[in-house]
Structures are given as C-alpha cells and as structure tokens.
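For reference, the structure discussed in these notes is given below.
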Amino acid sequence: MSTNKTIEKILKLKKEKNAIILAHFYQIPEIQDIADFIGDSLNLAEKAKNAESDLILFCGVHFMGETAKILNPKKKVIIPDMDAGCSLADSCTEEDFKKFKEQNPDHIVISYINCSAKIKTLSDIICTSGNALQIVNSLPKEQKIIFAPDRNLGGYLNRITGRNMLLWDGTCEVHELLTAEYVLKQKLQNPDYLLIAHPECNDAVLQIADFVGSTSAMINFVKNHSQTKFLVATESGIVHQLKKDNPNKDFIVVTQDESCSCNDCRFMKLNTLDKVLTSLEQEKYEIILDDDLIEKAKTPIIKMLDLSKKLGIIK
Ligand code: 13P
Ligand code: SF4
C-alpha cells in the first residue's frame, strides 16, 4: 500500500474509533506528521492524562504507554509494537531495585519516567528531563535521595545542584554511546555550530555542550536563538521538528563514530506507519495493568505533574 493510502486509512480509522495519536519527538517523521500531539515525556504524560478520546494510540516506547494507562486508566491505551522497550527502563528490575532501596532505607526515591510501572510504585516522585532540576530542588538540601535509573541524568543533576544523590547504574544506550572525544571532534570540525545535548548523555559530553535540556527544551532553545547552526546530541528523530520550526537553520546530528550517519533508538524506530494502521485496526497492542499497580504507580506521577503545574513548567 502507498504511504498516502496508509495515512488516509489511519486518519479515517482514528476518527471512526474516536482515537487520539500521541507521538514522541523520536518517532519517524511520518508518524510525527499524523499525530494529534507530539511532545517530550512530560507533555505527553499530561496530554494522556487529559485525553477524552475512547482510544489512546501511543507512538513512543512501552513505559510511555504504561504511563498513559496509569494516568487515564478508563481509556484503552495501545502501542504499535510491544517490543518497543527502553534500555534505561530495562536496567532497573523490581527485584534489584527493592534490594537497593532496602540497603538505603533513609533515602527517598526520585525516578526518571523512563522506568517500568513497577519501579514507579517503589518511587516517591517521578521526574522527566523537562522538570528533573526543579523536582530535585523541591527537596531539602539535606534530604538523602536515590535517583534512578539514569546515572547520567542523575550525575548531571548532582553536578549542577551540588547534591550527592545515590545513583542507579542505568543508561540510555543511544546517548551513552556518544563519547566526548568524538563529539569534540565533530565540534572542532564545525566551529560555528552550537552544541545542544540531552541530559541522558554522559557528563563529559554535557560539559562541552552549549545547552543541555529535554527534547522540548532543545526545540525551544533553537527556536528562540539567533544562531542558525546546531550540532544535536540526541536521538535523530528530533531533527524533524527542528527543521519544521526552523526551515532556514542547519542541524547536524552528533554520532558515535564514522561508521554511522544517524543516532537512532532501535526501540523508538520499531514503530512504522503500517504498524500504526494495524494497531488502530485491531486495537492492539493493549497496555493492561492491574488496578492495584495503577493506583500505586499513579501517586508519584501525579505528585510530579502537580509540582510541575505549581512551578509553571506545564500549564
Ligand atoms: P524527553 O523527550 O522527555 O526529553 O525524553 C527523552 C527520551 O529519552 C525518551 O525516551
Ligand atoms: Fe530509552 Fe534511550 Fe530509546 Fe529513550 S532513546 S527510549 S531512553 S533507549
């Protein structure tokens, strides 16, 4: 089937089934273009919570679909591919994390949203890259904190806040592969480009970045900056929105080495237009969570959303 035909069918079905399509900035351009809403993890969570449609089709990865279900449990939440996981979420199993908590009973837990629903139930508050700094700063300086599962984001927060949070040893396999050495090489080859980086990059990369922020923060930074050339240290999908917003600006995605020309997340890129269509047709793959899990996982996410609203990070 041609791409146009597939898109036509998706849009027709979406209307018939009263569905909303939510997509992350790392999705392929074709999916971003048919989505009702594109955003970072924080804005997508808020959108999912308030969705009034009967069906939520979440084009991102599994933990994002889970978060949507937790926040809006009466709706049917589906994702195009059940194998769309996340290396960060996978790094933190319930069993190991319980032990880690038991070894540090006087710590409270901040978990990055890139974790499973079960880890969320073991957390006091959730954060995303869009509000992590404010969430950490909302706690007293002397409060002992476990930060999980991203040691890069946690390390970055420790550095800029002067805290000493205990870090779970997980990473995003996409950002972790970017080395400061090779990023610096690309920076030196493009001296008139500003380097923007996602905080899931390792600290050596973040230290040479001109701007560090979530996907939405990077997009806003570029939109509002007079500079026209940017080196982008995050997943390639973000360039679609950057180019849409700034047709006259130039973007180079920073890569791990000479052998690849892009920086793709193998999980995010499992989703295709064909799978989106099948997903809508067959209403699969449904995110199913038991009520008790939903109730327990909801508390720390709602805490995050309420605080983000109070601080004006989201409307
Ligand atoms: P944000 O879009 O919230 O910055 O998250 C990036 C990410 O890694 C999602 O998997
Ligand atoms: Fe997980 Fe990294 Fe892929 Fe995001 S980009 S889904 S953090 S593996």
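Going by the conditions given, is residue 16 away from ligand 1 (no atom under 13 Å from the Cβ), of a type outside the set (Ser, Thr, Tyr) and under 21 Å from residue 240 (Cα atoms)?
Working: away from ligand 1 (no atom under 13 Å from the Cβ): yes; of a type outside the set (Ser, Thr, Tyr): yes; under 21 Å from residue 240 (Cα atoms): no.
No, not satisfied.
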Contacts under 6 angstrom Cβ, first residue in the stretch 231-243 being among the small types (Gly, Ala, Ser), partner in a strand (DSSP E or B), 6 or more apart: 233/197; 236/253
Matching residues in the stretch 47-60 - criterion: being buried (at least 20 other Cβ atoms within 10 Å of the Cβ) and either touching a residue at least 40 places away in the same chain (Cβ under 8 Å) or within 16 Å of ligand 2 (Cβ to nearest atom) (or both): 55, 57, 58, 59, 60
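Restricting to the stretch 203-219, and then to whatever is more than 16 Å from the chain's Cα centre (by Cα) and within 16 Å of ligand 1 (Cβ to nearest atom), can you tell me which residue is surrounded by the fewest Cβ atoms within 10 Å (Cβ to Cβ)? Show your work before the answer.
Residues of the stretch 203-219 that are more than 16 Å from the chain's Cα centre (by Cα), as a first pass: 203-211.
If we keep only those that are within 16 Å of ligand 1 (Cβ to nearest atom) as well, we get 205-206, 209, 211.
On the way: 205: 26, 206: 24, 209: 21, 211: 15.
Among them, the one singled out is 211.
Does residue 190 satisfy being away from ligand 2 (no atom under 16 Å from the Cβ) and either touching a residue at least 24 places away in the same chain (Cβ under 8 Å) or under 18 Å from the mean Cα position of the chain (by Cα) (or both)?
On the way: away from ligand 2 (no atom under 16 Å from the Cβ): yes; either touching a residue at least 24 places away in the same chain (Cβ under 8 Å) or under 18 Å from the mean Cα position of the chain (by Cα) (or both): yes.
Yes, satisfied.
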Residue, farthest from residue 208 (Cα to Cα), within the stretch 269-282, restricted to residues that are of a type in the set (S, T, N, Q) and either surrounded by fewer than 17 Cβ atoms within 10 Å (Cβ to Cβ) or more than 14 Å from ligand 2 (Cβ to nearest atom) (or both): 282
Residue satisfying condition, being closer than 28 Å to residue 31 by Cα, at pLDDT 95 or above and either away from ligand 2 (no atom under 16 Å from the Cβ) or over 21 Å from the mean Cα position of the chain (by Cα) (or both), within set 225, 175, 240, 198: 225
Unique match (being at pLDDT below 95 and of a type in the set (Gly, Ala, Ser)) among 2, 91: 2
Subset of the stretch 127-154 that is of a type in the set (D, E, K, R) and touching a residue at least 24 places away in the same chain (Cβ under 8 Å) - its residue that is surrounded by the most Cβ atoms within 10 Å (Cβ to Cβ): 150
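Can you work out which of the residues in the stretch 215-236 that are in contact with a Cys (Cβ under 8 Å, 6 or more places away or on another chain) and among the small types (Gly, Ala, Ser) is nearest to residue 132 (Cα to Cα)?
Filtering the stretch 215-236 for residues in contact with a Cys (Cβ under 8 Å, 6 or more places away or on another chain) gives 233-236.
Adding the requirement that they be among the small types (Gly, Ala, Ser) leaves 233, 236.
Working: 233: 19, 236: 23 Å.
Restricting to residues being in contact with a Cys (Cβ under 8 Å, 6 or more places away or on another chain) and among the small types (Gly, Ala, Ser), the top hit is 233.
Only one residue in 27, 32 is part of a loop (DSSP other than H, G, I, E, B), buried (at least 19 other Cβ atoms within 10 Å of the Cβ) and touching a helix residue (DSSP H, G or I) at 6+ places or on another chain (Cβ under 7 Å). Which one?
27
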Which numbered condition residue 232 misses (of (1) under 18 Å from residue 202 (Cα atoms); (2) more than 16 Å from ligand 1 (Cβ to nearest atom)): (2)
The stretch 220-262: number of residues that are of a type in the set (S, T, N, Q) and touching a Lys or Arg at 6+ places or on another chain (Cβ under 6 Å): 1
The stretch 243-268 - residue that is modelled with pLDDT under 95 and charged (D, E, K, R) and, of those, surrounded by the fewest Cβ atoms within 10 Å (Cβ to Cβ): 258
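The values are calculated or read from the model by the stated rules, or taken from the named source; none is laboratory data. All values reported here derive from a predicted model rather than from experimental measurement. Quick reminder, even Gly has a Cβ in these numbers, built from the backbone with ideal geometry, and neighbours come from all protein chains shown.
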